[in-house]
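K.L.:
Please read through the structure below; I'll follow up with questions.
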Amino acid sequence: MNCIKPVLGFAAFSGTGKTTLLKQLIPLLAERNIRIGVIKHAHHNFDIDKPGKDSYELRKAGARQLLVASGKRRALMMETDLDSDPDLEELIGLLDYDRIDLVLVEGFKHVPFPRIELHRTSMGHPLLFPEDDHIIAVASDTLIDTGQLPRLDLNDVTAIGAFVESWLENQGI
């Protein structure tokens, strides 16, 4: 990927706690003055707008792109005709690089970019890292063999934050 800002993903099977971890990790990184952009993959059709709202009605009337903006927030909704997953690099290109230092990505585990694997042994899923050269660390809730990869405690968000911060510093951007 040819992105201007560093991109770090979190890959895991559904239900492992990717969103829960990010909700804890983002404020911790923000306290360290790291401005975060996030891209979250959805495996299904979704709608962030509500019926009856002007923006919803304008989009349903046929607007292919709709930008809702106030002094505090902006939201761009775009209708697509894709039958496949969105292109991660294209999505990253939609972000305002002047306002972020790091892009965190939830999902897109089949796209080649650096990511941390989240693993809960009790869920019974196989580890991803043996088959994925783009995993740079494994965060697990139990002691597991991660080979040469760093093993992080999935329940220690401070340690995961320190790892992300160190990784970001090593990107040289």
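Read-outs: derived from the displayed coordinates by stated rules, not from any lab. All figures in this text were calculated on a predicted structure; none of them were measured in a lab. All Cβ positions, even for glycine, are placed from backbone atoms using ideal geometry, and neighbour counts span all protein chains on display.
K.L.:
Compute the length gained on full extension between Asp81 and Asn170: take 0.36 nm times their separation in residues and subtract their Cα-Cα distance, giving the result in nm to one decimal.
P.N.:
That works out to 28.2 nm of additional length.
K.L.:
Count the net charge of all other residues whose Cβ sits under 11 Å from the Cβ of Ile136, scoring Lys and Arg as +1 and Asp and Glu as -1.
P.N.:
Result for the local shell: -2.
K.L.:
In region 37-146, what chymotrypsin sites (Phe, Trp or Tyr not before Pro) fall in a loop by DSSP, with at most 15 other Cβ atoms inside 10 Å?
P.N.:
Within region 37-146, the qualifying chymotrypsin sites (Phe, Trp or Tyr not before Pro) (loop, at most 15 other Cβ atoms within 10 Å) are Phe46.
K.L.:
Within 14 Å, Cβ to Cβ, of Asp101, how many net charges do the neighbouring residues add up to if Lys/Arg are +1 and Asp/Glu are -1?
P.N.:
Its environment carries a net charge of -1.
K.L.:
Given a Förster distance of 22 angstrom, what is the FRET efficiency for Arg74 paired with Thr19, based on the Cβ-Cβ distance and rounded to 0.05?
P.N.:
In this case the efficiency is close to 0.50.
K.L.:
Another one. Rounded, prolate or oblate: which one fits the chain, using the alpha carbon gyration tensor with axes a ≥ b ≥ c (rounded when a/c is under 1.5, else prolate when a/b beats b/c, else oblate)?
P.N.:
Because a/c hits 1.5 or more and a/b exceeds b/c, the chain counts as prolate.
K.L.:
Right, here's the next one. Is the shape of region 134-173 best called rounded, prolate or oblate, per the rule: a/c under 1.5 gives rounded, else a/b larger than b/c gives prolate, else oblate, with a ≥ b ≥ c the square roots of the Cα gyration tensor eigenvalues?
P.N.:
Oblate is the answer for region 134-173, as a/c is 1.5 or above yet b/c matches or exceeds a/b.
K.L.:
Calculate the length of the line joining the C-alpha centroid of region 113-173 to that of region 5-78, in whole Å.
P.N.:
Each part reduced to its Cα centre gives a spacing of 23 Å.
K.L.:
Which net charge results for the neighbourhood of Leu88, defined as the other residues with beta-carbon distances under 12 angstrom from its beta-carbon, given Lys and Arg at +1 and Asp and Glu at -1?
P.N.:
So the environment of Leu88 carries a net charge of -2.
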